[in-house]
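No value in this document is a laboratory result; all are computed from the given coordinates. Bear in mind the structure is a predicted one, so any value in this text is a computation, not a measurement. Every residue, glycine among them, receives a Cβ derived from its backbone with ideal geometry; neighbour counts consider all protein chains shown.
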Amino acid sequence: MSVKGKRIGFVGCGNMGEALVKGLVEAHVVPAEAMTASDARGERLTELERRFLSATIQSPFSFHDVIEVEAGRRLVLRDVFLGTEVNVTEWMGSQHVRVGDIVFGKVIQIDHVGMLCGMGWMAIPPVQKQMFRAAMAAMRNLEVEVFGTHLRHCVSDALQSRDSKEANQKIEELTELLVRRTQL
């Protein structure tokens, strides 16, 4: 039975499992992103492995526009919702996507090295980008509506109450919201 093209999991990945994983990756039989390993001894994790796990847990899945492709080497991806771009070192998925496609996955960065973890099994072709633009426009309209409601009610009430502590709190909330919005 061939393991090429399959996902592989190791439960209790001690010394023997580690050797198997390393051998499969180095021989290019199975890419590292297609393997999952667990070990009850967390102390065996290196600092880099800990940082990788932390970045993977903290990064959300999102849709990414494919900006550049070097098949078998790298991708440049732009998050459809946030607009952030990352140069991603990638072996397998970059062989199957084209500039203009949209892919779903989790992009993480460690020491300025971008990695794509858990990419969806199919790319969305450029002709369907209008669907994403419509969803983004709807979300922005909702954001403006919620912001307006907040201004009309909460902030207005706080300022009219003459409670300087409450008014200052609302001003800080608005400032934080505006700062976050300009960073997107």
Would you grab the residues whose amide H sits under 5 Å from the one on CYS117? Only those 5+ places off in sequence or on another chain, please, with H modelled 1.01 Å from N.
LYS106, VAL107, ILE108
Would you kindly derive the ³J(HN,Hα) couplings of the stretch 116-126 from the backbone phi angles with the Karplus curve 6.51 cos²θ - 1.76 cosθ + 1.60 (θ = phi - 60°), listing them in order in whole Hz, with x for Gly and Pro?
9, 10, x, 5, x, 7, 9, 8, 8, x, x
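Calculate the FRET efficiency for CYS154 and ASP79 from the Cβ-Cβ distance with a Förster distance of 35 Å, rounded to the nearest 0.05.
Numbers: r = 30 Å, r/R0 = 0.87.
Given R0 = 35 Å and the Cβ-Cβ separation, E is 0.70.
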Among DSSP bridges having both ends in the stretch 86-184, what percentage is antiparallel? Round to the nearest 5.
75
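Based only on other Cβ atoms within 10 Å, what is the fewest-to-most ordering of LYS170, LYS6, LYS165? Intermediate values should be presented prior to the final figure.
Details: LYS170 18, LYS6 11, LYS165 8.
By the 10 Å Cβ count, ascending, the order reads LYS165, LYS6, LYS170.
Could you list SER59, SER161 so that the one with the fewest beta carbons within 10 Å of its beta carbon is first and the one with the most is last? All intermediate terms of the calculation are to be shown ahead of the outcome.
Numbers: SER59 16, SER161 11.
Ascending Cβ contact count within 10 Å gives the list SER161, SER59.
Suppose a student asked you for the relative contact order of the chain, using Cα pairs under 8 Å spaced at least 6 residues apart; what percent would you report? It would help to have the intermediate numbers written out before the result.
Details: 221 pairs, mean separation 24.7, N = 184.
The value is 13 percent.
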Cα-based helix-to-principal-axis angle, 164-183 vs the chain, degrees rounded to 10
40
Helix-only mean residue ellipticity at 222 nm for the chain, each DSSP H run of n ≥ 4 adding -39500 (n - 2.57), per residue, nearest 500
-12500 deg cm²/dmol
Acute angle (nearest 10 degrees) that the helix 15-26 long axis makes with the longest principal axis of the chain, alpha-carbon atoms
90
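Compute the Rg to Rh ratio over the chain from the alpha carbon atoms, using the Kirkwood formula for Rh, and round to two decimal places.
Working: Rg = 22.5 Å, Rh = 19.9 Å.
So for the chain, dividing Rg by the Kirkwood Rh gives 1.13.
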So which lysines pass the test for LYS6, namely a Cα distance under 27 Å, with those fewer than 8 places away in the same chain ruled out?
LYS22, LYS106
Roughly how tilted is helix 129-150, in degrees to the nearest 10 and between 0 and 90, from the longest Cα axis of the chain?
40
